[in-house]
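Trainee: One structure, pasted below without further comment.
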Amino acid sequence: MLALAPRLPEDDDPAAEPEPVRHLAGRHVLLVHGTDDRRTDPEISFRLAERAKKANRDVCRFEAHTDGHSLRRYRSEILALSCDFALGSLCGLPYARTVEDALAAPPPLGLRMPLAAGFGETLRE
């Protein structure tokens, strides 16, 4: 599962039940969120990732620092990250070292991974 700046029930209603995570067990999960997102709260996606990581170790989350909801500032990095994740999850190819590290890192580290400028330029060297 790949989620870019996910909109969750808590974004609209703070009293809403949190998004369930049981269905994510046994799946590879990647979330990406801009830290300056004003449309959906990055902390809510972090809490979703925390809950999901408890049900499934194959969860990671990247933060695009100073990027908003549209994730335009790091467009090429997010495309490279998404492609790498899809090829690893669906085709069994090895993940880039950054993704491997994020999946292996314990919370909160693997759920607050900074998306580095230039990610993807040297992916499989």
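The values are calculated or read from the model by the stated rules, or taken from the named source; none is laboratory data. Keep in mind it's a predicted model, so treat the numbers as computed, not measured. Neighbour counts are summed over all protein chains in view; Cβ atoms, including those assigned to glycine, are modelled from backbone coordinates with ideal geometry. All accessible areas refer to the heavy atoms of the entire protein, side chains included, with ligands and DNA or RNA removed. Shrake-Rupley method; radii C 1.70, N 1.55, O 1.52, S 1.80 Å.
Trainee: If we scan the stretch 38-46, do we find a residue that is outside any helix (DSSP H, G or I) and either in contact (Cβ under 8 Å) with a residue 60 or more places away in the chain or open to solvent by less than 20 Å² (accessible area, probe 1.4 Å) (or both)?
Mentor: Checking the stretch 38-46: at least one residue is outside any helix (DSSP H, G or I) and either in contact (Cβ under 8 Å) with a residue 60 or more places away in the chain or open to solvent by less than 20 Å² (accessible area, probe 1.4 Å) (or both).
Trainee: Give the residues of the stretch 98-124 that are surrounded by 12 or more Cβ atoms within 10 Å (Cβ to Cβ) and without any contact (Cβ under 8 Å) to a residue 12 or more places away in the chain, sorted by residue number. Outline the logic, then answer.
Mentor: Initially, the stretch 98-124 is screened for residues surrounded by 12 or more Cβ atoms within 10 Å (Cβ to Cβ), giving 98-105, 107-117, 119-120, 123.
Once the filter is applied, which keeps residues that are surrounded by 12 or more Cβ atoms within 10 Å (Cβ to Cβ) and without any contact (Cβ under 8 Å) to a residue 12 or more places away in the chain, the stretch 98-124 yields Glu100, Ala104, Leu109.
Trainee: Further, regarding this structure: Do any residues in the stretch 64-75 that are small (Gly, Ala, Ser) have Cβ atoms under 8 Å from those of residues that are open to solvent by 60 Å² or more (accessible area, probe 1.4 Å), where the two are at least six apart or on different chains, and which pairs are they?
Mentor: Ala64/Arg73; Gly68/Asp36; Gly68/Arg38; Gly68/Arg39
Trainee: Test Asp67 against the criterion of being under 19 Å from Ala116 (Cβ atoms), in a loop (DSSP other than H, G, I, E, B) and in contact with a Pro (Cβ under 9 Å, 6 or more places away or on another chain), and give yes or no.
Mentor: no
Trainee: Restrict the check to the stretch 3-22 and report whether at least one residue is part of a strand (DSSP E or B), within 11 Å of the chain's Cα centre (by Cα) and surrounded by 14 or more Cβ atoms within 10 Å (Cβ to Cβ). Let's see the steps before the verdict.
Mentor: Filtering the stretch 3-22 for residues part of a strand (DSSP E or B) gives 3-4.
Now narrow it down to the ones that are within 11 Å of the chain's Cα centre (by Cα): 3-4.
Retained after the next criterion (residues that are surrounded by 14 or more Cβ atoms within 10 Å (Cβ to Cβ)): 3-4.
There is at least one residue in the stretch 3-22 that is part of a strand (DSSP E or B), within 11 Å of the chain's Cα centre (by Cα) and surrounded by 14 or more Cβ atoms within 10 Å (Cβ to Cβ).
Trainee: For Ser89, indicate whether it is surrounded by fewer than 16 Cβ atoms within 10 Å (Cβ to Cβ), polar (S, T, N, Q) and part of a helix (DSSP H, G or I).
Mentor: The answer is no for Ser89.
Trainee: Which residues, counting only those in the stretch 70-81, are under 14 Å from the mean Cα position of the chain (by Cα) and either crowded, with 21+ Cβ neighbours inside 10 Å or outside any helix (DSSP H, G or I) (or both)?
Mentor: Correct list: Leu71, Tyr74, Glu77, Ile78, Leu81.
Trainee: Which one of these does Glu63 not meet: (1) at pLDDT 95 or above; (2) among the acidic types (Asp, Glu); (3) open to solvent by 50 Å² or more (accessible area, probe 1.4 Å)?
Mentor: Condition not satisfied by Glu63: (3).
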